[in-house]
Each structure stands twice: as C-alpha cells, then as structure tokens.
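Here's the structure, in structure tokens; my notes come after.
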Amino acid sequence: MARVVDEPRSLQFTRLNWLLLSAAAALIIVGYAALASGSPFVSTVVAPVLLVVAYVVLIPLGIIR
C-alpha cells in the first residue's frame, strides 16, 4: 500500500490576507489613539473593544485565511 505524505504548506498571502491585516493595523492605531483621548467613555469602553477586535479577530483571520 502506498503511503501518502502531506507536505507542509507554506503561507501564501492573498489580497484578502493583506486587507485584513491592514484593517487590523488601522484599527490598532485608532484604538490606541482612542485610549489616549481624554474622554472617559471612549478610553474605557470604545478603545478596548477596538483593540480586542483587532488583536483577537482581524489578525488571526488575516493569518489563517
């Protein structure tokens, strides 16, 4: 019986990958700018949500897809 060996796949980034990673980078910049703002609501609610979405959702999607 012939044995099939899967070769490791290399990462091949497409336009979608770069788009997702660019969106994550932009969202990180906006998130840190919001964190530095003087508004209590923006710096304690909006900024963490933006940063979590960028780090937990967009960056992994940009790498996996």
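Checked against the criterion of being in contact (Cβ under 8 Å) with a residue 24 or more places away in the chain and out of contact with any Phe, Trp or Tyr (no Cβ under 9 Å at 6 or more places or on another chain), the candidates 26, 36, 54 yield just one match: 54. The helices (runs of 4 or more DSSP H) falling completely within the chain include none with 1 or more residues that are among the acidic types (Asp, Glu). The residue of segment 20-65 that is least open to solvent (accessible area, probe 1.4 Å), among those that are closer than 30 Å to residue 9 by Cβ and among the β-branched types (Val, Ile, Thr), is 28.
The values are calculated or read from the model by the stated rules, or taken from the named source; none is laboratory data. None of these values were measured; they are calculated from a predicted model. For neighbour counting, all protein chains shown are included, and Cβ atoms are generated from backbone atoms with ideal geometry for every residue, glycine included. Accessible surface is based on the protein model in full, side chains and every heavy atom, while ligands, DNA and RNA are left aside. Shrake-Rupley method; radii C 1.70, N 1.55, O 1.52, S 1.80 Å.
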